[in-house]
Amino acid sequence: MVASQDFADYSSAAAPTPISVPTAASSVAGAAATAASAQAPGTHRVRPYTKWYNIGERVELADFYSEMFIVPFIVVVIFIHIWGTRANRSKAKAWSDAHAPVLSKEFAQVGTGGAGKSSATVSHPSRMRVSTASQYSLCLNDKGILTEKGANEFVTYATGRENIACVDIKLSLLKRYNPMALIAEQVLGFVFESMPAPSERMEATLLTFDGAESGMVPAAAGGAMSDKPSSSRSSYDGFVFAVVHKNYMKTLRDGRYDLSLTSTKDHAKLPQWATTMSESAEITDAMLTPELLDALRNAENSFEALVISDQPIDAPKT
């Protein structure tokens, strides 16, 4: 029978030869032989060279583009924070150095505490005498008489004067340590009238005893609270009086209930930029002393308001 030409004839092909597969024993033996030849004396083991062994070839400058922007930004933020904090502390210390002598002259104790204390001589007749052998102190720290509540807020405290319970003083400075927040507050204050622009200001709040020292302060062991009898201590009728800068007049009247009870009138003794908010003309004439007028003229645009009140700041609900 003749084979067809459409099919290949495989009958004459050679038989396939099987591929030899190395056993585990032969593999271990071969590896041992290779290691022995590598460790033989006079021979060196050669490893193939790749870029991984050269740090200059496996990294590029493009791999550090993000760090090149982030690290300088962090350095600038830290520098501005340190500079702004130190600038505010320097301003606060300058203020305390300028006003500490005046406060220590008028009050027996100035400051909320500190590591160092320096005793002062009693030189003002109105100071409240606690005992015959008491020493009056000025509490100092690295920022003078001030205590730092924040990077832009400093406070101090004074007490020890007849008919005065205490004086709380708060010094608010600009956020120099955070330019982004400072710019945002400036922009919001410019756009919205209800949000005042940030400014540096000193606010002092004085609370009076009005002859009630014996009920609030314990008596000294060796004597009375004061040389004066209790009948001669101050006891005044309540009133509301204020001298304000005309630029802040509307803001104060809208924000304070006590000033809404007063009438606003200019006074011939006052500078043109100042006005009075008082309940009666007699109170105005009595309060505008020569010392106060001189202080107002020296303060000029730095002055905001001087308010004396027996009424609450917020309106009563009933």
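Mind listing which trypsin sites (Lys or Arg not before Pro) in region 144-216 are in a DSSP loop and have 10 or fewer other Cβ atoms within 10 Å? Walk me through the intermediate numbers first.
Values: sites: Lys149, Arg161, Lys170, Lys175, Arg176, Arg201; in loops: Lys175, Arg176.
Of the trypsin sites (Lys or Arg not before Pro), not one in the loops of region 144-216 has a Cβ with at most 10 other Cβ atoms within 10 Å.
Can you order the peptides 285-293, 255-263 by their average number of other Cβ atoms within 10 Å per residue, highest first?
Details: 285-293: 12.9, 255-263: 17.0.
So the order, starting with the most tightly packed, is 255-263, 285-293.
Only the coordinates and a few stated rules stand behind these numbers; no lab work does. Being a predicted model, the structure only gives us computed values, none of them experimental. Cβ atoms come from the backbone with ideal geometry, glycine included; neighbour counts cover every protein chain shown.
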